[in-house]
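Working notes, beginning with the structure itself.
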Amino acid sequence: MGRPAPRAPRAPNRREFFRRSGGAALAAAALPLLPLRSTASGPVFQHGVASGDPLADRVILWTRATPPDAAATSVTVNYVVATDPALTQVVRTGRVRTHAQRDFTVKIDVTGLEAGRSYYYRFTALGASSPVGRTRTLPAGGASRLRIAVASCASHAAGYFNAYRRIAERADLDLVLHLGDYLYEYGSDEFGNVRPTEPPTEAITLTDYRTRHAQYKRDADLQELQRQHVMAVIWDDHEVANDAWRNGAENHDSTTEGTWSARRTGALQAYYEWMPVREPADRKKPQRSLRLGDLAEIVLLEERHSARSKQLPAPIPVPGVGQGFKASGRFLDPTRTVLGAEQEAWLEQVLAASTARWKLIGQGVMLAQLKALGRTNADGGSIFVNPDQWDGYPPARDRLFDLIDAYPPLTAAPNVVFLTGDIHSGWANDITRDPNNPDVEAGGYDPASGQGAIAVEFVATSITSPGIADPDGTLAALVRSQNPHVKHVDLDHHGYVLLDVTPERVVGELWIVDTVAAPSGVEAFSVAFEVRDGQPHLVPSAQTAAPASAP
């Protein structure tokens, strides 16, 4: 087995930790923003504005125009895009009609924009004006630095979106990347009891999912995030139902909740109506890549509805954890998949064609191995704990590793950074085929030097969704003792990851908030790791300063 990591020191008292470090974010928030808003706008534009899916020359703008007459069937909406917040330097104007058939939502693909530039926009309809939003196109050609916030897992019922507000207050971001579980399907008190859900029961029908999206979009903190920053989003499971796969979900009972096909069709229709994303020809296949000049390419993977095989049960009792499983039997069936053959081939083509310095792969479930009992691959005695993540699909993960190993440009390093959500905890991992085998020459991994790693992974903790209580770090220490490729794990805080990308390195900073039980303005820098050009393993790093010239 691999060498166990030393026991982590006892975590500091939570209140004392935030007292000492809570002001660290002030420097990043000191740059100019649009005027901050604390309440939603009037009844017509009560769901705010948003922008997303940016390219170098275009971006999606979104809003909803709520008609005062419940019997209305359509609304005419005007929009303006300018290069200044006062909207005097106008570059685009237009008019669209939205209808009850799309729940009065509006999406406009504004083209002909300049690369790497901020723009400002506003909608008007029914005699009312929306808030002014800010968006940004992606850079083209040479780019020397990028700042990206990474978020996931926001249960409205589980708490207040304080981390969203902290991201909104940053003026140093080029993009916000959301990795799924933007909303949750559960009803009131089923997955958190801080705030009630709308509707109060579980979301199952198209109307239910529209109502749930509308509730989230009325949240003032989420509104401010989406008003201030352009977003790139990919779903995970809860946008439809827990532990979704291509023909069902753990949280779907066809005997009482109708067919899975009907439920998913309604949920995805609401998703494409209410989210600032382009709609693909096949709604179940939103995988895409975004090129940020020569510096980075973001690849977004779909891991739920297009091809994923059903999760297998975990039959082995694991004290203190629940159930576990070994990578044996049906788990080794090579036909079981997360991405599917079509998406695997597409990913291979994207990686082969990319000339970007960094490949940032955004996806839903953790790629690094998570073991309750760590053994080498040859031993076969490892006990894994989560069959829903890549651990439950070993041959599929091996194929993904093969894509990285086969990166074509012989003079260039793959420089692959996986960005992950889902697990409601913060992680920094080396990606390696056999983390518990210390013999690098035999395909193993040396946790001291990082030799044997082929990529790295940053896992963003949740915005609000509950993790595992671990106030003194005991469980985190156990995780690290069995998983030497795990450089950091935080099981019970909420927050986000800040990526600082340059040609020389990618730094991942974990930022955490003090509470989600009530509104709070306190956040703290937790820890940072970096991966350097051509050296695919993590090393400790430090908090980065915001650029002098922010977006």
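The values are calculated or read from the model by the stated rules, or taken from the named source; none is laboratory data. Note that the coordinates shown come from a computational prediction; the quantities given were computed from them, not determined experimentally. Quick reminder, even Gly has a Cβ in these numbers, built from the backbone with ideal geometry, and neighbours come from all protein chains shown. Quick note on the areas: whole protein, heavy atoms, side chains included, nothing else; ligands and nucleic acids left out. Shrake-Rupley method; radii C 1.70, N 1.55, O 1.52, S 1.80 Å.
Things worth noting here:
- Any hit, the stretch 76-92, residues being of a type outside the set (Gly, Ala, Ser), open to solvent by 70 Å² or more (accessible area, probe 1.4 Å) and not in a loop (DSSP other than H, G, I, E, B): yes
- Some residue of the stretch 62-69 being among the hydrophobic types (A, V, I, L, M, F, W, C) and either within 24 Å of TYR164 (Cα to Cα) or part of a loop (DSSP other than H, G, I, E, B) (or both): yes
- Lone unmet requirement of (1) in contact with a Pro (Cβ under 9 Å, 6 or more places away or on another chain); (2) in contact (Cβ under 8 Å) with a residue 60 or more places away in the chain for ILE404: (2)
- Residue list for the stretch 516-539, filter: open to solvent by less than 40 Å² (accessible area, probe 1.4 Å) and assigned to a loop (DSSP other than H, G, I, E, B): VAL516, SER520
- Wholly enclosed helices (runs of 4 or more DSSP H) of the stretch 217-316 bearing at least 2 residues among the small types (Gly, Ala, Ser), open to solvent by 30 Å² or more (accessible area, probe 1.4 Å) and at pLDDT 95 or above: 260-274
- Pick from the stretch 495-515, criterion part of a strand (DSSP E or B) and either of a type in the set (Ser, Thr, Tyr) or touching a His at 6+ places or on another chain (Cβ under 6 Å) (or both), ranking: surrounded by the fewest Cβ atoms within 10 Å (Cβ to Cβ): ILE512
Matching residues to (1) open to solvent by 30 Å² or more (accessible area, probe 1.4 Å); (2) closer than 26 Å to ASP333 by Cβ; (3) touching a Ser or Thr at 6+ places or on another chain (Cβ under 8 Å); (4) not aromatic (Phe, Trp, Tyr):
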site	(1), (2), (3), (4)
LEU367	no, yes, yes, yes
LYS371	no, yes, yes, yes
ALA378	yes, yes, no, yes
ASP402	yes, yes, no, yes
GLY426	no, no, yes, yes
ASP439	yes, no, no, yes
GLN451	yes, no, no, yes
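- Condition check for ASP208: surrounded by fewer than 23 Cβ atoms within 10 Å (Cβ to Cβ), outside any loop (DSSP other than H, G, I, E, B) and not hydrophobic (A, V, I, L, M, F, W, C): yes
- Extreme residue, nearest to VAL176 (Cα to Cα), among residues of the stretch 133-162 that are of a type outside the set (Phe, Trp, Tyr), in a loop (DSSP other than H, G, I, E, B) and open to solvent by 30 Å² or more (accessible area, probe 1.4 Å): ARG145
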